[in-house]
1. Could you give each residue of segment 69-82 its phi-based ³J(HN,Hα) in whole Hz, using Karplus coefficients 6.51, -1.76, 1.60 with θ = phi - 60°, and x for Gly or Pro?
2. Of Gly172, Gly134, Gly102, which has the largest mean-square fluctuation in a 10 Å C-alpha GNM of the chain?
3. Using just the helices of the chain, give the 222 nm mean residue ellipticity in deg cm²/dmol: DSSP H runs with n ≥ 4 each add -39,500 (n - 2.57), and the total is spread over all residues, rounded to 500.
4. Compute, for the chain, the length of the dipole vector about the Cα centre, with Cβ point charges of +1 (Lys, Arg) and -1 (Asp, Glu) only. Units Debye, rounded to 20.
5. For segment 117-165, which whole-number percentage of the solvent-accessible area (1.4 Å probe, protein heavy atoms only) is attributable to carbon and sulfur atoms?
6. Would you mind getting me the FRET efficiency between Lys135 and Lys77? Use the beta-carbon distance for r and R0 = 35 Å, nearest 0.05.
7. Can you pull out the trypsin sites (Lys or Arg not before Pro) in segment 174-220 whose DSSP state is coil and whose Cβ has at most 14 other Cβ atoms within 10 Å?
8. For a Förster distance of 25 Å, can you work out the FRET efficiency between the beta-carbons of Leu148 and Ala186, rounded to the nearest 0.05?
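The values are calculated or read from the model by the stated rules, or taken from the named source; none is laboratory data. Remember, predicted model here, so these are calculated numbers, not experimental data. For neighbour counting, all protein chains shown are included, and Cβ atoms are generated from backbone atoms with ideal geometry for every residue, glycine included. Heads up: the accessible areas ignore ligands, DNA and RNA and are worked out on the full protein's heavy atoms, side chains in. Shrake-Rupley method; radii C 1.70, N 1.55, O 1.52, S 1.80 Å.
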Amino acid sequence: TAPELRTVTALYLDPDVIAKQIDISEDELKDEYNNRLSSLIIPEYRKIRQIVATDEATARRARQSLAEGRSFTDVAKDIAGMDEETTQLGLVTANRLPSEIGSVAFKATLNQPSEPVKSPLGWHILLVERIVPGKTPTFGNVRASIRLDLGRERAIDDLVKVANKLEDALAGGASIDEAANQINAATLKTPPIDAGGRTADGKPMNELPKVEEFLRTTFE
């Protein structure tokens with residue numbers, strides 16, 4: 001059975017398209033960059049292992065064994081009773097660790113066991129196995145996305161005014177094409193399409209709006 005096909009004339013006001021047309025000064029973009037900077041920074045990550053002892057003497061003994069060349073895994077097992085898996089803290093940022101541990105781990109030298117450090121959980125020896133440096137994006141890196149965000153915010157405000165004007169035009173008897181002319185917008189005209197947005201030969205029509213409501217409304 002051939003599906004029902006409908007030919008559509010539509011006026012679709014896309015905030016992203018309007019956003020690109022809105023004028024935003026460089027000063028405004030830079031101010032927004034500075035306001036967002038703390039959330040844009042990608043923190044440093046470190047892959048960390050630890051040996052945890054209940055007392056300082058045991059921790060010192062473990063540290064001495066490491067200094068003598070024994071492996072971290074062997075020392076953790078023999079002195080602290082920890083298997084390799086339980087020594088792993090994983091790849092973490094400083095704020096994911098207790099402050100006593102984080103302050104040491106994020107100053108430690110790669111692949112060099114730390115001196116014992118005390119926390120409420122016991123005495124720790126930390127080993128940094130990998131460092132992923134943090135990044136602070138430059139204004140140039142994020143300018144386009146900030147511009148789109150600010151443009152979209154203003155576009156949505158503008159759309160409310162445009163939509164009201166559009167409704168007035170349609171209520172006054174204007175056709176969709178005539179109403180589009182009044183708000184300086186273009187209409188979308190389709191060939192016959194089915195409810196899935198495909199043309200008569202079964203090919204998708206990619207120019208359709210990407211919102212689900214468009215096709216549903218068309219076929220209702």
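1. Taking θ as phi minus 60°, the curve returns x, 6, 6, 4, 4, 5, 5, 4, 6, 6, 9, 10, x, 10 Hz for segment 69-82.
2. Gly172
3. On the way: 9 runs with 102 residues, N = 220.
Rounded to the nearest 500, it is -14000 deg cm²/dmol.
4. Values: 28 positive and 35 negative charges, 205 e Å.
So the dipole magnitude of the chain works out to roughly 980 debye.
5. Working: 1680 of 2900 Å².
Its accessible area is 58 percent carbon and sulfur atoms.
6. Working: r = 37 Å, r/R0 = 1.05.
Once the sixth-power term is evaluated, E becomes 0.40.
7. Working: sites: Lys189, Arg198, Lys210, Arg216; in loops: Lys210.
Listed in order of number, the matching sites are Lys210.
8. Numbers: r = 21 Å, r/R0 = 0.84.
That pair, Leu148 with Ala186, gives E of 0.75.
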